[in-house]
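The values are calculated or read from the model by the stated rules, or taken from the named source; none is laboratory data. It should be emphasised that the depicted structure is a prediction, and the values quoted were computed from it without experimental measurement. Positions of Cβ are backbone-derived with ideal geometry, glycine not excepted, and every protein chain shown enters the neighbour counts. Heavy atoms of the whole protein, side chains included, go into the accessibility calculation; ligands, DNA and RNA do not. Shrake-Rupley method; radii C 1.70, N 1.55, O 1.52, S 1.80 Å.
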Amino acid sequence: MADRGSVELNSEECKGCGLCVEACPPKVLKLSARFNQYGYHPAEYTGAGCTGCGICFFACPEPGGITVLRLAA
Amino acid sequence: MPEYAPVHAKPHCFYERYERKAELQHQTHYCPGCGHGIVHKLLAQAIDGLGIQDRTILVSPVGCSVFAYYYFDVGNIQVAHGRAPAVATAVKRSRPESIVISYQGDGDLAAIGSAEILHAANRGELITVIFVNNAIYGMTGGQMAPTTLLGMKTTTSPQGRTAAGEGFPIHVCELLASLEAPAFIERVALGNNQQIMRAARVLRRALENQVKGAGFSFVEVLAQCPTVWGMQPVEAQKFVREKMTGTFALGNFRDRRG
Ligand SMILES: Cc1ncc(C[n+]2csc(CCOP(=O)(O)OP(=O)(O)O)c2C)c(N)n1
Ligand code: SF4
Ligand code: SF4
Ligand code: SF4
């Protein structure tokens with residue numbers, strides 16, 4: 001069955017603070033091992049299990065850091 | 001392939017790009033994990049949600065949030081240290097149809113600006129004040145604020161704040177709640193998901209009050225300053241949750257509907 005939600009992370013706006021990783025209830029976000037252009041480890045979606053709850057969006061201090069999507073009805 | 005549609009995306013009332021240093025126009029100037037960034041997002045969501053972007057005027061302070069005008073595509077004024085409630089008073093009285101927000105840090109509001117906030121609240125000005133309390137002077141590198149917790153080490157209380165030496169932390173909500181005029185006073189925090197979502201609702205309420213003409217509305221947000229506290233953001237969030245809320249009780253102190 002398809003996941004109810006999905007997330008898009010803007011890795012060049014992300015500062016690797018980790019607050020979204022902490023906030024995500026099913027723990028489907030992680031900090032990447034790679035660096036972005038400013039030397040931060042950007043957050044990334046592990047690729048499965050997002051419920052579309054939206055809390056990572058509110059927990060992220062960057063205006064466009066995270067976009068949360070939900071499965072269209 | 002399943003189809004997904006965005007439900008939470010960058011709020012409209014943020015600019016697409018920010019007029020700051022050339023290569024940084026897609027990022028805020030805040031440190032990683034800074035509470036101001038989260039308060040900005042919650043505020044932007046509330047402005048969008050109420051459909052008031054075109055009539056909002058944001059008065060930004062001196063402190064780390066001095067550059068709020070880089071980000072919010074609303075009317076903006078940046079004012080002298082501590083004076084935001086006085087300027088907001090003038091703006092609101094001369095443009096009553098505008099939604100006027102005074103955004104301030106704890107050094108700005110509770111130290112140098114303690115007179116302005118007290119009297120704006122006492123006059124019951126029809127403005128919304130957002131008070132970001134991170135218990136420190138962030139921008140200037142970590143001097144003690146009136147809201148610094150007892151025992152907390154800062155550059156100006158290197159042994160830790162003591163009541164005998166530096167006085168007790170000032171509880172601004174409780175002080176303002178001793179006045180008759182304010183319509184709404186609440187303290188919220190960014191310490192965990194639940195607290196963040198409560199903060200989102202309360203910020204929206206404080207703006208909605210102004211739309212309805214309810215009266216002076218004040219929201220204190222307990223927020224992390226990971227950099228100056230010398231903590232990782234997640235650890236700093238835990239400090240907000242476990243330590244700051246111990247000194248500053250969360251809750252509503254006034255809710256008088258317009
Ligand atoms: C009249 C005046 N006095 C002092 C300063 C120096 N100053 C700049 S920011 C600041 C404190 C800001 O702390 P706070 O309001 O807690 O905001 P934060 O940076 O923590 O968000 C001070 C004292 C100034 N700019 N103007
Ligand atoms: S929307 Fe919810 S489940 Fe999906 S990544 Fe964000 S916090 Fe995790
Ligand atoms: S909360 Fe935002 S800035 Fe922080 S790691 Fe997650 S996406 Fe990046
Ligand atoms: S010094 Fe503190 S308040 Fe200022 S931007 Fe950095 S984390 Fe935020």
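Using a 1.4 Å probe on the protein chains only, how many percent of the accessible area of the stretch B:99-258 belongs to carbon and sulfur? Percent of accessible area from carbon and sulfur atoms in the stretch B:99-258: 53. For chain B, the number of Lys pairs with C-alpha atoms closer than 29 Å, counting only pairs eight or more positions apart or on separate chains, is 13. When +1 charges are put on Lys and Arg Cβ atoms and -1 charges on Asp and Glu Cβ atoms, the dipole computed for the protein assembly as shown relative to its Cα centre reaches about 440 debye.
Rolling a 1.4 Å probe across the protein heavy atoms gives the stretch B:1-100 an accessible surface of 44 Å² per residue.
Once the partner protein chains are put back, the stretch B:190-212 shows a loss of at least 10 square angstrom of accessible area, versus the chain by itself, at B:ASN193, B:ILE196, B:MET197 (probe 1.4 Å, ligands and nucleic acids excluded).
Report the residues of the stretch B:128-148 in range of a label on B:ILE112: point 7 Å along Cα→C-beta, backbone N strictly under 11 Å from it. Residues passing the 11 Å test: B:140. The portion of the accessible surface of the stretch A:5-70 made up by carbon and sulfur, rounded to a whole percent, is 55 (1.4 Å probe; DNA, RNA and ligands excluded). By the helix-only formula, in which each DSSP H run with n ≥ 4 contributes -39500 (n - 2.57) and the sum is divided by residues, chain A has a 222 nm mean residue ellipticity of -2500 deg cm²/dmol. Once the 1.4 Å probe is applied to the protein heavy atoms, chain A comes out at 44 Å² accessible per residue.
Computed from the C-beta positions of B:THR140 and A:GLU12 and an R0 of 35 Å, the FRET efficiency is 0.75 to the nearest 0.05. Using equal-weight Cα scatterers in the Debye expression, the normalised intensity of the stretch B:161-244 in log10 at q = 0.10, 0.11, 0.16 Å⁻¹ is -0.33, -0.40, -0.76.
Only helices enter this figure: runs of n ≥ 4 DSSP H residues, each worth -39500 (n - 2.57), summed and divided by the residues of chain B, yield -8500 deg cm²/dmol at 222 nm to the nearest 500. The A-B contact accounts for approximately 2900 Å² of buried accessible area, totalled over both chains at a 1.4 Å probe radius. Size estimate for chain B follows the Kirkwood approach: the inverse of mean 1/r over distinct Cα pairs works out to 18.4 Å.
The distance from the alpha carbon centre of the stretch B:147-164 to that of the stretch B:200-242 is 22 Å, rounded to a whole number.
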